[in-house]
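Working notes, structure below.
The values are calculated or read from the model by the stated rules, or taken from the named source; none is laboratory data. Treat the numbers as computed from the prediction; the structure is a model and nothing was measured. Methodologically, a virtual Cβ is constructed for each residue, glycine included, from the backbone with ideal geometry; neighbour enumeration extends over all protein chains shown. Calculation scope for accessible area: heavy atoms of the full protein, side chains included, ligands and nucleic acids excluded. Shrake-Rupley method; radii C 1.70, N 1.55, O 1.52, S 1.80 Å.
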Amino acid sequence: MAKKYEFKPDRQTPAVLSKLFLTPTQRKSVLKWGLYSLVLLVLSVLQDVLLCKFRINGATTELVPCGIFLICLMEDLERSSIFSLCAACIYLFSGSAAGYHSIVLITVLCVGICIFRQNYLRKGFSASMLCTVFAVFVYELSVFVVAVFLGQTALPRIGSICITALLTLLSAPILYPIVNLISTIGGQAWKE
């Protein structure tokens, strides 16, 4: 005769990740965007803690917008526009951005360079650097024009804006391999 148990044995609980019901593709996508966010966090710490101490003619680097532009160039238009809006908001609320106009500037520039790159250029190092150079210079000049309009700076300080853009662009070739490697996680977003 079989033994009768007075109680039922405990149910085995599955792992936490299996409760999320994510497919492997979705998990790779979460990993990719998490790594992108980690890159921007590291850039923000470098910009605000280490590199802010070194100034050349009153100019320092702005690594976070450069990182946002590079990340957006690696992805398709829909994903990059949402990411640029979210990243620009977080950049503003971190206290590093020039003002609320930075949200609009970063988002519009990301959408513009993504459209231009997808329609006229092939995905690669030279296309990414060209679009990043354009976006960084337009961003810095736009921030400068808004600051002049608001009376926060004077027009003769335009040289420091150019130095800031040049210092920022020195980091773009270093960031490109990292961002390009992360963009390959989960396959390509779109085929050229």
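The residues of the stretch 10-51 that are at pLDDT 90 or above and of a type outside the set (A, V, I, L, M, F, W, C), listed by number, are 32, 34, 36, 37, 44. Annotation: of all residues in the stretch 118-139 being at pLDDT 90 or above and among the aliphatic types (A, V, I, L, M), the one that is nearest to residue 101 (Cα to Cα) is 138.
The set of residues in the stretch 67-94 that are hydroxyl-bearing (Ser, Thr, Tyr) and in a helix (DSSP H, G or I) comprises 80, 81, 84, 91. Screening the stretch 83-128 for residues that are among the polar types (S, T, N, Q) and more than 27 Å from residue 59 (Cα to Cα) and picking the one that is most open to solvent (accessible area, probe 1.4 Å) gives 119. Tallying residues that are more than 16 Å from the chain's Cα centre (by Cα), in a helix (DSSP H, G or I) and farther than 21 Å from residue 44 by Cβ within the stretch 98-133 yields 10.
Determine, yes or no, whether residue 142 is modelled with pLDDT of 90 or more, open to solvent by 60 Å² or more (accessible area, probe 1.4 Å) and of a type in the set (S, T, N, Q). So residue 142 does not fit the description; no. Every test in (1) among the aromatic types (Phe, Trp, Tyr); (2) open to solvent by 30 Å² or more (accessible area, probe 1.4 Å); (3) at pLDDT 90 or above is passed by residue 7 save one, and that test is (3). Scanning the stretch 70-94 for residues being of a type in the set (Gly, Ala, Ser) and farther than 18 Å from residue 168 by Cβ gives a total of 2. Taking residues in the stretch 43-63 that are open to solvent by 30 Å² or more (accessible area, probe 1.4 Å), and partners anywhere that are basic (Lys, Arg), the pairs with Cβ atoms closer than 8 Å and at least 6 places apart or on different chains are 58/157. Cβ separations smaller than 9 Å between residues 6+ apart or across chains give the following pairs from the stretch 111-126 residues that are within 18 Å of residue 172 (Cα to Cα) to residues that are acidic (Asp, Glu) and surrounded by 12 or more Cβ atoms within 10 Å (Cβ to Cβ): 114/75; 114/76.
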